[in-house]
Amino acid sequence: KAGVTQTPRYLIKTRGQQVTLSCSPISGHRSVSWYQQTPGQGLQFLFEYFSETQRNKGNFPGRFSGRQFSNSRSEMNVSTLELGDSALYLCASSPIGGGYNEQFFGPGTRLTVL
Amino acid sequence: KQEVTQIPAALSVPEGENLVLNCSFTDSAIYNLQWFRQDPGKGLTSLLLIQSSQREQTSGRLNASLDKSSGRSTLYIAASQPGDSATYLCAVRRDNTDKLIFGTGTRLQVFP
């Protein structure tokens, strides 16, 4: 079974631009979560989608948004990029959503904002 | 507010040693706890998942224990190898629909 895939793997943008990251969960998984990882803040939760609905949201500004499609693939969008948005963005999927099942992470998208 | 701490922050040991990594959480009302490893610049690999009703889980040379009442979990690595070099993260979840709250990580280096 293929793992969680994320595209692109690396991205360089300039301040003020917007970016869209994509995540394809493991086949059969319906929950997709997004996390931001930085050296200073560690891993922080952005949001979770389950059956195309946002179920949980972390403490990030409205510039960060996401969506999930009917095939469970998810995208996250960051508008008006700031230097502080430079980070590794990780997506994770789990079978039916929630804590009983393990979360499986993708390789991440490394975003650099210049 | 749940806070998760991992001690030590970094560890360097010779090959063959048995290791214990520690994870502490402030709110004992957790649903489960998951241990991950992360290689530099890469994603997270799930190692072990312990439900709140369980005391320990084992996978190969890895053993994770959970003491909910004291807010602690340990990851035991037997006969460490250079390939075990990575950052190890623990994460807890409050309920079955909640987000993972991650610890600060332990950076492990095993030298030959």
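The values are calculated or read from the model by the stated rules, or taken from the named source; none is laboratory data. Treat the numbers as computed from the prediction; the structure is a model and nothing was measured. Cβ placement follows ideal geometry from the backbone for every residue including glycine, while neighbour counts extend to all protein chains displayed.
Residue-wise test of (1) β-branched (V, I, T); (2) modelled with pLDDT under 90; (3) within 26 Å of B:G105 (Cα to Cα).
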{"site": "A:Q44", "(1), (2), (3)": "no, no, yes"}
{"site": "A:Q54", "(1), (2), (3)": "no, no, no"}
{"site": "A:P61", "(1), (2), (3)": "no, no, yes"}
{"site": "A:F64", "(1), (2), (3)": "no, no, yes"}
{"site": "A:Y89", "(1), (2), (3)": "no, no, yes"}
{"site": "A:Y100", "(1), (2), (3)": "no, yes, yes"}
{"site": "A:P107", "(1), (2), (3)": "no, no, yes"}
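Residues that are facing chain A (nearest Cβ under 10 Å): find the strands (runs of 3 or more DSSP E) completely inside region B:32-112 holding 2 or more of those.
Because the criterion is at least 2 residues that are facing chain A (nearest Cβ under 10 Å), the strands (runs of 3 or more DSSP E) in region B:32-112 that meet it are B:32-38, B:44-51, B:86-93, B:100-102.
Here is a check on your reading of the model: is A:S72 out of contact with any strand residue (DSSP E or B) (no Cβ under 6 Å at 6 or more places or on another chain), surrounded by 19 or more Cβ atoms within 10 Å (Cβ to Cβ) and either in a loop (DSSP other than H, G, I, E, B) or away from every other protein chain (no Cβ under 14 Å) (or both)?
Details: out of contact with any strand residue (DSSP E or B) (no Cβ under 6 Å at 6 or more places or on another chain): yes; surrounded by 19 or more Cβ atoms within 10 Å (Cβ to Cβ): yes; either in a loop (DSSP other than H, G, I, E, B) or away from every other protein chain (no Cβ under 14 Å) (or both): yes.
For A:S72, the condition - out of contact with any strand residue (DSSP E or B) (no Cβ under 6 Å at 6 or more places or on another chain), surrounded by 19 or more Cβ atoms within 10 Å (Cβ to Cβ) and either in a loop (DSSP other than H, G, I, E, B) or away from every other protein chain (no Cβ under 14 Å) (or both) - is met.
Got a number for residues in region B:52-104 being of a type in the set (A, V, I, L, M, F, W, C) and within 20 Å of A:S33 (Cβ to Cβ)? Step through it out loud before you land on a result.
Filtering region B:52-104 down to residues of a type in the set (A, V, I, L, M, F, W, C) leaves B:62, B:64, B:66, B:75, B:77-79, B:86, B:89-92, B:100-102.
Then keep just the ones that are within 20 Å of A:S33 (Cβ to Cβ); that gives B:89-92, B:100-102.
Going through region B:52-104 one residue at a time, the tally reaches 7.
Out of (1) buried (at least 20 other Cβ atoms within 10 Å of the Cβ); (2) at pLDDT below 95, the odd one out for B:K42 is which?
The number of the failed condition is (1).
Looking only at residues in region A:47-69 that are in contact with a Leu (Cβ under 9 Å, 6 or more places away or on another chain) and exposed (fewer than 15 other Cβ atoms within 10 Å of the Cβ), which one is farthest from A:T14 (Cα to Cα)?
Selected residue: A:K57.
Taking B:T97 and the conditions (1) in contact with a Lys or Arg (Cβ under 7 Å, 6 or more places away or on another chain); (2) of a type in the set (S, T, Y); (3) in contact (Cβ under 8 Å) with a residue 24 or more places away in the chain, which numbered condition does it fall short on, given that it satisfies the others?
Condition (3) is where B:T97 drops out.
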